[in-house]
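Take a look at the structure set out below.
The values are calculated or read from the model by the stated rules, or taken from the named source; none is laboratory data. In this text the structure is predicted, and so the values were computed from the model without any measurement. Positions of Cβ are generated from backbone atoms using ideal geometry, with glycine treated the same way; all protein chains shown enter the neighbour counts.
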Amino acid sequence: MNATVGPVAINTFREAVRDRVLYNLVLFALLMIGAAILVGEISIGIERLVIINLGLSAISIFGLVMAIFIGVGLVYKEIEKRTLYSLLAKPIRRWQFLVGKFAGLLLTLGVNTIFMTLGLAAALVYVGGHFVRSDASILVAIYFILLEFALVTALAMFFSCFSSPMLSTLFTLGIYITGVFADDIHGIGEFTKNPAVLAITRTLYYLVPNFHNFNAIDTVAHGGAIPFSLVWQNTLYAALYIALLLVAGSAVFSGRNLK
Amino acid sequence: MSHLSQTRALWAALAGVPLLFAAIAALQMKIDAGTRAYMEENEELLLRSGSAVRKMSLGYDSLLADLYWTRAVQYYGSRAGFANAKFGLLWPLLDIATTLDPKLIVAYRFGAIFLSEPSPAGAGRPDLAVELVKRGIAENPDDWNLNGDLGFLYYWWMRDYPNSAAAYLQGSKNPKAPSWLKIMAARVAEKGGSLDTSRMIWSEIYQSTQDKKIRDRAMEMLRGLKAREDETELDELAQAYKIRFGHFPDSTKAMLDAGMLRAIPVDPAGYPYVFGPDGKSSLVPISPVVIPPDLKAPPEVSK
């Protein structure tokens, strides 16, 4: 499997680099530099807080945009440019192609996130002079953001297996926003006390990926610790959901007539 | 396109783009000048509900809280010190910031100062400041500083000494709280409104804060309290002078000549005190010292 998935992943990463995807790092660096210099001048007492909040939010937003907009085009572009046909003529299965593409984009997002994390660390040192023990929690929050990227990438690729990039973007964004509001959807059902509404909202709550689970920015910004149980539970949750989406996506993609 | 045409186009762009930008900037300045008064009069928040903003933040609520707090600081900074300044949006901005991030301690602490200071230094709404700090205590029960702030708000702006003592006492129950909170609780309960208690509160604020503006404000208050104490003593001496000489002294020098003073007393800024015909001492008009309000008198709260 590695012999087939690996090269697809590496090539996907190379393609992203060639497409200057990592140029967003320049914008991130400017954002961090600007915040580090300006916040002390225009606000009171939140220099460090802003660097953490802004840094983590920017890592999350930049990555999500990349995951969605690159993810929806990964399969579609190969079909459009007809490069998929020459690829599938080789001893590679469609699900391996899909997993390879997924891994490649995840690698891109991972590299991007590592550079952004270094930028965030540099900005933190600039405003605070040194790291504090609770800063270790920031790395856990970044790990959660990476899990979120993986989940969104899997979603985008799943939709791109059977629809156009435009529709896939809308579907992925729709599911993402629903997932962010998962807790509220659950709350609406509880609030109405209507058994039918409660059943619908409860089903929806367990059906859509709960992105609220992965948001630890508030906690770490105030120096709070993240329990280890949440780390493994989130990891397992993301792994299961990604497996589900990739299996479903592979099934759809394998059955698709590419003629 | 020929090379000559390309060169011409490049030069045209080099000259034209800055010119067009300059024209746009000039036009924007004109628009700003025309609409500034209108904008200030009609300044409004699109969303006043912190819960609604939180829902729309898509999980980035703490970043939005920072932005709203920064906006509150800017809003306050652009108005504080100006006569007839209105602070109508200060409370909604602080409300949204602290709803988005209930652990944003700085917004409770400084927000309470912005709200409680009388006009033109602030909104003159200590009642809202108390509400804000109470909310902060409910969200952050481990932060004893907020109890200290609440005690101060009740003491200084509301002159509600029983509630002030209760707030200090509540804060003193926190294992991390310094011992002065307990002393303050007893002191306020026993001698609320006295100069000694006021001096003790401002001294603690001066020593405990890291913020330069708050330190300066505390120092200003301590100087004002010292002047008030001096005036009280001089007024008593003036009464004694009248008993002795049949009239009030016209200056501190007259009291010095009568042997009632060992030296000419000066206010914390170095200016001598003056006497009115009624024998009441006061600061010279050019003295920068500001005497704080009489805490025995009822508070003034603007609504």
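Remarks
- B:Leu47 touching a helix residue (DSSP H, G or I) at 6+ places or on another chain (Cβ under 8 Å), within 25 Å of A:Tyr176 (Cα to Cα) and at pLDDT 70 or above: no
- Residues (under 12 Å from B:Leu132 (Cβ atoms) and aromatic (Phe, Trp, Tyr)) located in the range B:82-115: B:Trp91, B:Tyr108, B:Phe110, B:Phe114
- Cβ pairs under 6 Å, 6+ apart, first in the range A:190-204 and within 18 Å of A:Gly179 (Cα to Cα), second in a helix (DSSP H, G or I) and of a type in the set (Val, Ile, Thr): A:Thr201/A:Ile185; A:Thr201/A:Ile188; A:Leu204/A:Ile185
- Here B:Asp230, B:Asp267 are screened, and the one residue that is in contact with a strand residue (DSSP E or B) (Cβ under 8 Å, 6 or more places away or on another chain), at pLDDT 85 or above and among the charged types (D, E, K, R) is B:Asp230.
- Any hit, the range B:138-150, residues being in contact with a Phe, Trp or Tyr (Cβ under 7 Å, 6 or more places away or on another chain) and farther than 21 Å from B:Thr197 by Cα: no
- Restricting the range B:211-255 to residues that are among the aliphatic types (A, V, I, L, M) and surrounded by fewer than 16 Cβ atoms within 10 Å (Cβ to Cβ), the residue that is farthest from the other protein chains (Cβ to nearest Cβ): B:Ile243
- Flag if B:Ala186 is over 20 Å from the mean Cα position of the chain (by Cα) and free of Cβ contacts under 8 Å to residues at least 40 places away in the same chain: yes
- Conditions (1) surrounded by 21 or more Cβ atoms within 10 Å (Cβ to Cβ); (2) without any contact (Cβ under 8 Å) to a residue 40 or more places away in the chain; (3) β-branched (Val, Ile, Thr); number of the one not met by A:Ile145: (2)
- The one condition from (1) more than 19 Å from B:Leu58 (Cα to Cα); (2) modelled with pLDDT of 85 or more that A:Lys193 does not meet is (2).
- Helices (runs of 4 or more DSSP H) completely within the range A:1-108 that count 3 or more residues being in contact (Cβ under 8 Å) with a residue 40 or more places away in the chain, within 14 Å of chain B (Cβ to nearest Cβ) and within 29 Å of A:Phe162 (Cβ to Cβ): A:47-80
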